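These notes are about the structure you will find just below.
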Amino acid sequence: MNYRDLDPFLRRITDHEEQYRNGYSPNYESRVNAVPHTKIINGNEVLFFRLKDLMPPKDGLFLYYRKHSRFQRFPEHCHDGIELNYMYSGSCTQIINGKKYTIKQGQTLLLNSDTVHQIEPLSENDILLNLNIEKEYLTSNFFNRFSSESIVTRFFLDNLTEGVNHNDFILFHSEKSERLHTFICEFLCEWYDPSLVSIDIISSLLTIIISELINIYKKELVHHDDHYKNNTILVLLHYIEKNYQTSTLQSTADFFNLNPNYMSNLLKKHTGYSYRELVLHQKINTAKILLNNSNLSITEIANQIGYNNVTFFYDKFKKEVGCLPGEYRKQIR
């Protein structure tokens, strides 16, 4: 399948959609084969869908894909895995944790497990694509494909698996990303018309899609998007990432008008690391990049990441990485 065939294929009215357009109302509770059929979220009972009970997975993958059926209201519910919604065409209204959001063409919605949401009826031009990922798929092998030099990137990835707030979501303003649209179309073409190495291609494309979302995520953070202004953790992590060479616990707390102990405890609660540990991770990760991609001396690298005492840098690097900087450079080159 190619792009020329994909677009009309996605827009065609399926038999189920024709029934919904003619007034048929499905009984979703009957589709939930797992027990329990409902789950208590924030004190309210909602429909609970196990992904494996709703649709067949791709052979060898813990991935589930379907195009959302138009002309019908999908009731308040939650899933046991990660859900990725991409608005291929038109727009849709979703009510997430009791608040209404509009997802526009080209935007992407990432819903963590147990996020309560409902989807209002879509019109003929509204094409919503659903990709669901089981937690089992998000293993260490999967995340090793991503670079870990950014503490913001690591927080994003960890939150998918650890889920500090399982009922959380991110709305990506990805409508300007032509690359994301291309990657998703490639994913769909491979899904609908699999090649001989389809599993490898789909898995690789998913990595690329998530990488592009991380890229968009960080760009929005830099431009202080409203969705992130209220997320103190993200703003703190971004500040640390940009100012790790010279910032201190006190100076960072002063910048955000926070008590230093409160701020450090807040970071520890949401990331598993204290302020000092986060700064250290950022310094060592940056040092590893410079050791691999530059000809700077170890002294110059130590100075660049904020260490004037080279011996102290050697000690910290060995404790974090397990070897001295010079040994690390030899291993990776």
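If you rank Arg329, Arg179 by fewest surrounding Cβ atoms within 10 Å, what's the result?
Ascending Cβ contact count within 10 Å gives the list Arg179, Arg329.
Be a star and scan segment 111-131 for residues whose amide nitrogen sits under 20 Å from the point 7 Å along the Cα-to-Cβ vector of Glu18.
122-127
So what J values fall out for segment 289-295 if you push phi through Karplus, 6.51 cos²θ - 1.76 cosθ + 1.60 with θ = phi - 60°, rounded to Hz, Gly and Pro as x?
5, 5, 5, 7, 10, 9, 9
For Leu122, enumerate residues with amide H under 5 Å from its amide H, sequence gap 5+ or separate chain, H modeled in the peptide plane.
Residues meeting the amide H criterion: Phe71, Gln72.
Rounded to whole Å and sorted largest first, list the principal axis extents of the Cα atoms in segment 231-332.
42, 22, 22
None of the figures in this text is laboratory data; all of them are computed from the coordinates on show. Everything numeric here is computed off the predicted structure, so don't read it as measured data. Positions of Cβ are generated from backbone atoms using ideal geometry, with glycine treated the same way; all protein chains shown enter the neighbour counts.
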